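What follows is a set of notes on a single structure, which appears directly below.
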Amino acid sequence: MNYKIKRKNIFLTYTESGSIIVVFTKFKEGGVMAAKEQQIEEQWLVRVLEALNAFNRLVTGQKQNLDAEIEEFWKVYDPHDKGQNAEALYKAALLESLSLKTKLSALALKKPYFARVDFKEDGMSRPESIYLGKMAVYGSSEAPLPLVADWRAPVASLYYDGRLGEAAYDCPDGRVTGEISLKRQYIIENARLKEFFDIDITANDEFLQLALGSSKDKRLKDIVSTIQAEQNQIIRADMHGPVIVQGAAGSGKTTIALHRIAYLLYNYEKRLAPYNVLVVAPNRYFLSYISEVLPDLGVENVKQTTFEDFAFSFIEKRLKIKEGWEKLAYLLSNPPDAALVRRVSRIKSSLWFKKIIERYIEKLTLNLLPGRDFDLCGHVLRSKGEIRRLYCQDYAFLPILKRAVELRKYMQSSLKKRKPELLEDIEAYYEKEASRIKRRFLEGSAERREELTRLYNQRDGEIEILTKKSSGLISDYLKKIKPKTAYEYYRAFFEDADLFYGCTNGIIKPEDAQAVRDLSLKALEGGGCEAEDLAPIMLLHYALDGNAGFDIRHIVIDEAQDMSLFQIDMLKTLMNTGSFTILGDLC
């Protein structure tokens, strides 16, 4: 039997199976069906809260036991014991996990879920009610059924993207098709059900106002309940390529990106950990916002930085940088060279300038070699061609300065092998000469003694010279490969006019090259630089020393219009990943 009730704009259909189909309604006090539905929802909330309380008590107790265990562990901890070090790392990871679960379950007790979708999968006899929250909630150990699904789970797409009627979602087992009969949104505050709405889209205006109006700090922490279809598409996009989001200021790009991080960490947990994610923001204010929102989404330990701080950390040197606002203020004063300054900034921020620096790196690599044979007292141990091939081709997979380490090892091996051979050759030569003298002069004669003495002194002198020169031979040969900093090499690039113009030839106009050189030399005076100098200095450091073993697999760039193509390309090069979420405003 079906029951129907109409009250103003409320249309309900109540079936014996227990499901309610609502076209659009806000439930209010009064009315038999509304009261019954209110009772059903309140009973469900009680059931979920009981499960959450049990879970919270469990993880809180586990954390307390672990805290006590760790306290005892530190009393006997020996940092030189490898087994104890491994145990310390394990306990730290377990404590971090339990702390996060304790925190999230405590938050969930205040608001365990925000939405419900009734979905009847094709082939099933009745619909299933799927509640959605910031964390999954399961029943008792005897009946561990999912009471609340995590908003990042594949089934949640039904709520964000689907409308009443035919719908589908993708999961690891394939595509699931069926029909949505109900979509409901809840206002729950401090574990009390305030109101609920049935809708056909993700969020109606009244629910949106209530959900966002309840946020005291205006940080949109409850946005998971109001995500629209297009926003959901961004959040759930595949991580293996770049996602570029264009939007005006205040449109919520940053918040959606943070939810995307939470989604990726949930769905790619076997390949992606929080420390594999890097967020690059324009300033520390943005980082403060990010650091407060992410924990509410169950995410901690994501790396967060500005490009400037990341650059200084990477090159291991903090430079005196001219702030961007200083240049902007200068340009707004409309100086005579404003157009020139803008043009130089554009060139140094472009991938054309990257090509120029790459040319410089090639020339620098060759110029560091002496361009002569590696010889000992006129004896060629390795030809200059062989040395160049080793340095520029065989060792090309290594950073420049690390190639010198390998080349030194190779030379040491060559010297160790050839030096005894050369000493034997000297001995053999002088023994042959001694035999000739002995045949020429009578034994015991003064002439014979004088000639042999002269000969042996000459032999000893050659051996001494060869031995002495061999001790510093390699260092002398490699003396041009000095461990200078990337900044020093960068400044030297502009100071050498012939080298600089040779590298810019054919890439930028000669007049532009002169302007770039003149303004750069001025900016680099006294150990300083400008924002657009950071990417080329980083590229030089990368070529010289390598990338220091980054393990970043996804990069989020906020306010990307404030970064240059060269800077973004450097992040891609250093992290060796094409997995990006890039947010910005073209206006």
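Quick look at the values:
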{"quantity": "Yes/no for Tyr456 being more than 30 Å from Ile361 (Cα to Cα) and of a type in the set (Phe, Trp, Tyr)", "calculated": "yes"}
{"quantity": "Cβ-Cβ under 9 Å pairs, at least 6 apart or on other chains, segment 358-382 side open to solvent by 60 Å² or more (accessible area, probe 1.4 Å), far side acidic (Asp, Glu) and part of a loop (DSSP other than H, G, I, E, B)", "calculated": "Val380/Asp373; Arg382/Asp373"}
{"quantity": "Lone qualifier among Asp205, Asp217 - being surrounded by fewer than 21 Cβ atoms within 10 Å (Cβ to Cβ), under 36 Å from the mean Cα position of the chain (by Cα), of a type in the set (Asp, Glu) and modelled with pLDDT under 95", "calculated": "Asp217"}
{"quantity": "Enumeration of residues in segment 398-452 that are open to solvent by 90 Å² or more (accessible area, probe 1.4 Å), among the basic types (Lys, Arg), more than 30 Å from Gly378 (Cβ to Cβ) and more than 60 Å from the chain's Cα centre (by Cα)", "calculated": "Arg449"}
{"quantity": "Enumeration of residues in segment 273-312 that are within 15 Å of Ala531 (Cα to Cα) and small (Gly, Ala, Ser)", "calculated": "Ala281, Ala311"}
{"quantity": "Residue match in segment 391-400 (condition: out of contact with any Pro (no Cβ under 9 Å at 6 or more places or on another chain), among the aliphatic types (A, V, I, L, M), in contact (Cβ under 8 Å) with a residue 24 or more places away in the chain and part of a loop (DSSP other than H, G, I, E, B))", "calculated": "yes"}
{"quantity": "Residue list for segment 165-197, filter: more than 36 Å from the chain's Cα centre (by Cα), free of Cβ contacts under 8 Å to residues at least 60 places away in the same chain and under 22 Å from Lys134 (Cα atoms)", "calculated": "Ile187, Arg192, Lys194"}
{"quantity": "Test: Leu499 is of a type outside the set (S, T, N, Q), farther than 23 Å from Glu316 by Cβ and either touching a Leu at 6+ places or on another chain (Cβ under 7 Å) or surrounded by 13 or more Cβ atoms within 10 Å (Cβ to Cβ) (or both)", "calculated": "yes"}
{"quantity": "Segment 418-433 residues that are farther than 22 Å from Thr453 by Cβ, paired with ones that are open to solvent by 50 Å² or more (accessible area, probe 1.4 Å) and outside any helix (DSSP H, G or I) (beta carbon under 7 Å, 6 or more apart)", "calculated": "Leu422/His379"}
{"quantity": "Failed condition for Glu230, given (1) within 22 Å of the chain's Cα centre (by Cα); (2) at pLDDT below 90; (3) surrounded by fewer than 14 Cβ atoms within 10 Å (Cβ to Cβ); (4) assigned to a helix (DSSP H, G or I)", "calculated": "(1)"}
{"quantity": "Subset tally (residues that are open to solvent by 80 Å² or more (accessible area, probe 1.4 Å) and in contact with a Pro (Cβ under 8 Å, 6 or more places away or on another chain)) for segment 137-181", "calculated": "4"}
{"quantity": "Selected residue [assigned to a loop (DSSP other than H, G, I, E, B) and either touching a residue at least 12 places away in the same chain (Cβ under 8 Å) or surrounded by 15 or more Cβ atoms within 10 Å (Cβ to Cβ) (or both)] from Ile508, Ile582", "calculated": "Ile508"}
{"quantity": "The listed residue being assigned to a helix (DSSP H, G or I) and either touching a Lys or Arg at 6+ places or on another chain (Cβ under 6 Å) or under 22 Å from Gly546 (Cα atoms) (or both), out of Glu427, Glu406, Glu462", "calculated": "Glu406"}
{"quantity": "Segment 468-483 - residue that is of a type outside the set (A, V, I, L, M, F, W, C) and surrounded by 13 or more Cβ atoms within 10 Å (Cβ to Cβ) and, of those, nearest to the chain's Cα centre (by Cα)", "calculated": "Tyr477"}
{"quantity": "Among (1) over 25 Å from Leu499 (Cα atoms); (2) surrounded by 14 or more Cβ atoms within 10 Å (Cβ to Cβ) - the single one Tyr395 does not satisfy", "calculated": "(1)"}
{"quantity": "Filtered residue count, segment 266-290, keeping only those that are in a helix (DSSP H, G or I), within 12 Å of His554 (Cα to Cα) and out of contact with any strand residue (DSSP E or B) (no Cβ under 7 Å at 6 or more places or on another chain)", "calculated": "1"}
{"quantity": "Neighbours by Cβ (under 7 Å, 6+ apart or cross-chain): first from segment 560-572, on the phi < 0 side of the Ramachandran plot and without any contact (Cβ under 8 Å) to a residue 60 or more places away in the chain; second surrounded by fewer than 21 Cβ atoms within 10 Å (Cβ to Cβ) and acidic (Asp, Glu)", "calculated": "Gln561/Asp585"}
{"quantity": "Test set (1) assigned to a helix (DSSP H, G or I); (2) farther than 28 Å from Tyr542 by Cβ; (3) open to solvent by less than 20 Å² (accessible area, probe 1.4 Å) - Ala257 fails condition number", "calculated": "(2)"}
{"quantity": "All positions within segment 525-559 that are closer than 26 Å to Arg343 by Cβ and in contact with a strand residue (DSSP E or B) (Cβ under 9 Å, 6 or more places away or on another chain)", "calculated": "Gly526, Gly527, Gly528, Cys529, Glu530, Ala531, Asp533, Leu534, Ile537, Ile557, Glu559"}
{"quantity": "Looking only at segment 87-136, and only at residues there that are small (Gly, Ala, Ser) and in a strand (DSSP E or B), the one that is surrounded by the fewest Cβ atoms within 10 Å (Cβ to Cβ)", "calculated": "Ser129"}
{"quantity": "Every residue from segment 324-351 that is within 20 Å of Arg517 (Cα to Cα), modelled with pLDDT under 90 and open to solvent by 70 Å² or more (accessible area, probe 1.4 Å)", "calculated": "Tyr330, Pro336"}
{"quantity": "Selection from segment 55-77 of residues that are charged (D, E, K, R) and either in contact with a Lys or Arg (Cβ under 6 Å, 6 or more places away or on another chain) or at pLDDT 90 or above (or both)", "calculated": "Arg57, Lys63, Asp67, Glu69, Glu71, Glu72"}
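Residue-by-condition table, conditions (1) at pLDDT 95 or above; (2) in contact with a Cys (Cβ under 8 Å, 6 or more places away or on another chain); (3) acidic (Asp, Glu):
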| residue | (1), (2), (3) |
| --- | --- |
| Ser471 | no, no, no |
| Arg491 | yes, no, no |
| Phe494 | yes, no, no |
| Ala513 | yes, no, no |
| Val516 | yes, no, no |
| Ala523 | no, yes, no |
| Gly546 | no, no, no |
| Asp558 | no, no, yes |
| Met563 | no, no, no |
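The values are calculated or read from the model by the stated rules, or taken from the named source; none is laboratory data. Remember, predicted model here, so these are calculated numbers, not experimental data. Counting neighbours? That spans all protein chains shown, and the Cβs are built from the backbone with ideal geometry, glycine included. Only protein heavy atoms, including side chains, enter the accessible area calculation; ligands, DNA and RNA are left aside. Shrake-Rupley method; radii C 1.70, N 1.55, O 1.52, S 1.80 Å.
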